[in-house]
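Worksheet: the structure to be examined is printed underneath.
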Amino acid sequence: MSIDDLYRDVIMDHYKRPRRKGELANANVVIEGFNPLCGDEVKLWLRIDDQGVVQDAAFTGHGCSISQASTSIMTAAAVGASVDDLRGVIDGFRAMMLQGAEPDETLLGDGVALEGVRKFPVRIKCAVLSWNTLQLGLDEHTARGGQVELRHSED
Ligand code: ZN
């Protein structure tokens, strides 16, 4: 099995059996993200505690397989992570997708499977949508604290 096949399997597995799909009743960060180019929509729900650790995370949404698989991967990675660690993961993912940095599986886990999307530049926004949306939510949470509700668009 080639690495491309393996990565495709990881993406389709997250798309067909998304991790942490659903709403989170006691979320304190709720952010919607849109990618008008492809019609992708995601809504992220996070509960971040006073120590800055993501205690729980979930998502709802619809769109192409890349956008939804990427959101599943991202949401699963967020649970149990500190906001500071998560910023490092977001930076690593964006560096891989946007600047061609070497995929770092230790840092990104299943996120490395999206590296192949770079071959289809028009789809890169599908892959980074949820990560950019998460970053905006974390920034707002850090800046203001309390309840955060936001909308983000890729255009
Ligand atoms: Zn898409």
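The values are calculated or read from the model by the stated rules, or taken from the named source; none is laboratory data. This one's a predicted model, so the numbers in the text were calculated from it and none came from an experiment. Here the Cβ is made from the backbone with ideal geometry for all residues, glycine too, and neighbour counts use every protein chain on show. The protein model used for the area step is the full one, side chains on, heavy atoms only, and it has no ligands, DNA or RNA in it. Shrake-Rupley method; radii C 1.70, N 1.55, O 1.52, S 1.80 Å.
In order along the range 76-84, the phi-based Karplus estimate (6.51 cos²θ - 1.76 cosθ + 1.60, θ = phi - 60°) of 3J(HN,Hα) comes to 4, 5, 6, 5, x, 8, 7, 4, 5 Hz; Gly and Pro are listed as x. With the simple spin-label model, which puts each label point 7 Å out from Cα in the Cβ direction, the Arg8 to Thr106 separation comes to 3.1 nm. Taking amide hydrogens as placed 1.01 Å from N in the peptide plane, the amide H of His152 sits under 5 Å from those of Glu32, Gly33, Phe34, each at least 5 positions away in sequence or on another chain.
With viscosity set to 1.002 mPa s and temperature to 20 °C, compute the Stokes-Einstein D of the range 75-145, Rh being the Kirkwood radius across alpha carbon pairs; µm²/s, no decimals. Walk me through the intermediate numbers first.
Details: Rh = 12.5 Å.
Rounded to a whole number, D works out at 171 µm²/s.
With distances taken between every two different alpha-carbon atoms, the range 3-153 has a Kirkwood hydrodynamic radius of 15.1 Å. Just the number, please: carbon plus sulfur as a percent of the accessible area of the range 1-129, 1.4 Å probe, no ligands or DNA/RNA counted. Exposed carbon and sulfur together represent 49 percent of the surface. Per-residue extension of 0.36 nm, minus the Cα-Cα distance of Arg151 and Asp85, leaves a gain of 21.4 nm for this segment.
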